[in-house]
1. Test Ala56 against the criterion of being in contact (Cβ under 8 Å) with a residue 40 or more places away in the chain, farther than 12 Å from Phe34 by Cα, open to solvent by 40 Å² or more (accessible area, probe 1.4 Å) and hydrophobic (A, V, I, L, M, F, W, C), and give yes or no.
2. Is segment 74-87 home to any residue that is open to solvent by 50 Å² or more (accessible area, probe 1.4 Å), modelled with pLDDT under 95 and on the phi < 0 side of the Ramachandran plot?
3. Just give me the residues in segment 380-400 being of a type outside the set (A, V, I, L, M) and either within 21 Å of Tyr563 (Cβ to Cβ) or buried (at least 19 other Cβ atoms within 10 Å of the Cβ) (or both), in sequence order.
4. Do we have Thr547 as open to solvent by less than 10 Å² (accessible area, probe 1.4 Å) and touching a residue at least 40 places away in the same chain (Cβ under 8 Å) here?
5. State whether one or more residues within segment 383-394 are on the phi > 0 side of the Ramachandran plot and in contact with a Ser or Thr (Cβ under 8 Å, 6 or more places away or on another chain).
6. Going by the conditions given, is Val476 in contact (Cβ under 8 Å) with a residue 24 or more places away in the chain, in contact with a Pro (Cβ under 9 Å, 6 or more places away or on another chain) and under 30 Å from Lys588 (Cα atoms)?
7. Going by the structure shown, is His438 over 21 Å from Cys385 (Cβ atoms), in contact (Cβ under 8 Å) with a residue 12 or more places away in the chain and not hydrophobic (A, V, I, L, M, F, W, C)?
8. Exactly one of these conditions fails for Glu470: (1) of a type in the set (Asp, Glu); (2) in contact with a helix residue (DSSP H, G or I) (Cβ under 6 Å, 6 or more places away or on another chain); (3) surrounded by fewer than 17 Cβ atoms within 10 Å (Cβ to Cβ). Give me its number.
Amino acid sequence: MNQLYAKYKPSDWLPTTKKEIEQRGWDELDVILFTGDAYVDHPSFGAAVIGRILEAEGLRIAIVPQPNWQDDLRDFKKLGAPRLYFAVTSGNMDSMVNHYTANKRKRSNDAYTPGGQQNKRPDYAATVYCNILKDLYPETPIMLGGIEASLRRVTHYDYWQNKLKPSILVDSKADLLFYGMGEKSIIDFTNLVKRGVDARTITNLPQTAFLAEQGEKYATNKKWNNIDLFSHDECLGDKKKFAKNFMHIEEESNKSEANKITQQIGNKQVVVNPPWPPLEEKEIDRFYDLPFTRLPHPKYKSKETIPAYEMIRHSINIHRGCFGGCTFCTISAHQGKFIASRSEKSILKELEQVTQMPDFKGYISDLGGPSANMYKMKGIHEEICRKCKRPSCIFPDVCKNLDVDHKPMLDLYRKVRQHPKIKKAFVGSGIRYDMILHETKDKQVNKNNMTYLREVVKHHVSGRLKVAPEHTSDDVLKIMRKPSFSLFYKLNKAFNEINKKEGLNQQLVPYFISSHPGCQNTDMANLAAETKQLDFKLEQVQDFTPTPMTLATVIYYTGYHPYTMEKVYTAKSKKEKLSQRKFFFWYKREYQQQIRQELTKLNRKDLLKKIMN
């Protein structure tokens with residue numbers, strides 16, 4: 001471990017203690033950032049990114065990782081109040097998803113804590129931290145960001161309390177919320193505050209949200225049109241109104257030229273300003289080119305490893321955003337649907353930095369993004385994209401205006417493979433095979449895409465290629481916004497042909513979800529039958545977990561599809577969920593009698609025969 005830190009001095013990290021601040025000769029801090037994660041100075045950790053950005057703006061920053069909220073609050077007091085503001089995030093994950101399984105059982109570990117220790121952050125961490133700081137330092141503004149805040153910016157369903165909750169701004173008492181990837185907003189905000197503008201009056205920044213009194217005048221952009229959602233109280237009284245709200249929220253989150261959103265909550269209203277346009281290449285490069293050590297803070301040297309860091313320490317993120325629009329996923333709600341890609345130069349610069357790490361053995365663990373194969377993809381005619389409000393660019397079919405050419409990735413992968421210190425660069429993030437297999441009018445693009453699949457299988461897979469068909473039922477897949485399972489057959493055939501031609505013995509590993517809205521037990525039985533026919537014994541499976549700000553969660557809570565207002569069944573009770581889950585494991589003896597009884601009761605002996613014979 002110590003060799004990793006040999007070329008660095010403690011001041012190469014942002015300070016976390018009074019002693020570290022004094023060693024820098026600082027007598028005051030501009031911003032203090034509280035996070036629910038351990039402090040890892042790596043571009044995959046949000047608190048480190050925001051800290052480095054503010055440092056690059058010339059500010060004196062400190063990070064307080066995983067403060068103790070159960071003692072005398074010394075972690076919240078030890079650095080005093082900053083000159084400008086507090087910044088708060090619960091960490092890289094929603095603290096409730098971090099703490100609980102789909103069955104609401106407490107998880108045994110926390111991947112963002114040394115040794116996976118589970119008790120280092122509270123439930124609803126963002127709200128808890130903000131309330132403590134507001135009580136201790138009522139005059140100091142509090143800025144709230146990160147995924148937990150981002151996805152709770154308006155009325156949302158909370159699975160763990162099984163109720164609708166208002167915007168997190170109400171309970172947290174934060175002064176301003178930064179939703180999505182907050183780099184541009186925090187830079188503009190900080191520059192205004194540095195010039196002496198009162199932080200509580202900055203209400204016209206894109207990609208921020210705040211509370212205002214009803215009728216209160218506030219600064220805004222006159223070019224922004226406004227959509228007024230059903231109030232929080234109306235949502236409490238009518239599930240259909242909550243469902244209708246979601247349609248507007250999703251559309252505005254995925255538009256290039258979006259509207260402002262307002263929603264009444266009691267005698268106040270939450271105001272959600274439109275998002276920024278997608279980052280330009282030079283902007284995203286600037287953030288990734290900041291001087292990250294790529295290591296946990298030295299305070300963790302003598303402690304157990306941080307599991308999340310071990311997973312990404314030698315990974316490289318090449319883009320952000322996702323235009324898949326899957327209804328159970330929060331990526332587009334947080335990162336946006338438009339892809340922001342780094343330049344090859346920036347990526348290869350980070351690659352060189354990784355190869356210089358003392359523990360690097362020649363293997364990049366992941367060269368990808370939220371979806372691995374969306375790098376450099378955007379609209380052919382971008383003026384069409386600016387008017388579009390489709391939540392997905394590839395469902396119900398691949399948009400004719402979407403450039404799905406995989407050549408930029410082929411070029412990048414080949415340059416990475418040519419590096420003398422790289423033995424293998426794995427593509428560990430999920431691949432959208434519907435874009436690879438999509439037939440365009442351009443034969444060269446089609447050829448490039450199949451070449452991409454072959455090169456990934458040949459050079460970038462560790463024996464297993466992971467993909468996510470999610471289900472076999474077209475009815476369920478339609479609700480998920482995923483392609484027909486017939487496309488998976490096509491992928492499986494192409495994958496096997498590549499293996500045979502290249503003399504490989506790779507394995508295709510599909511991911512599936514049970515208990516998703518729209519899924520019945522017969523759909524799960526069909527899933528078992530079809531995957532058995534394909535000779536798969538499933539491993540990568542999960543039960544649907546409702547999380548704030550996904551369409552699937554809205555269906556789960558309301559029973560209605562927001563876009564059609566049709567009723568949709570969802571398995572909700574523990575018994576219903578386990579009844580669906582057992583079909584994943586038809587090959588295990590302990591489930592076979594239950595499956596026999598279930599399918600006999602449903603009068604589906606045809607499926608029973610397919611599964612058990």
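The values are calculated or read from the model by the stated rules, or taken from the named source; none is laboratory data. Note that this is a predicted model, so its numbers are computed, not measured. Backbone-built Cβ (ideal geometry, glycine too); neighbour counts: all protein chains shown. For the accessible areas, the whole protein counts, side chains as well, though only heavy atoms, and no ligand, DNA or RNA atoms are used. Shrake-Rupley method; radii C 1.70, N 1.55, O 1.52, S 1.80 Å.
1. So Ala56 passes the test.
2. No.
3. Of everything in segment 380-400, those that are of a type outside the set (A, V, I, L, M) and either within 21 Å of Tyr563 (Cβ to Cβ) or buried (at least 19 other Cβ atoms within 10 Å of the Cβ) (or both) turn out to be Cys385, Lys387, Cys388, Lys389, Arg390, Pro391, Ser392, Cys393, Phe395, Pro396, Asp397, Cys399.
4. Details: open to solvent by less than 10 Å² (accessible area, probe 1.4 Å): no; touching a residue at least 40 places away in the same chain (Cβ under 8 Å): yes.
Criteria not met by Thr547.
5. No, segment 383-394 contains no residue that is on the phi > 0 side of the Ramachandran plot and in contact with a Ser or Thr (Cβ under 8 Å, 6 or more places away or on another chain).
6. Taking the combined requirement at face value, the residue satisfies it.
7. In short, no.
8. (3)
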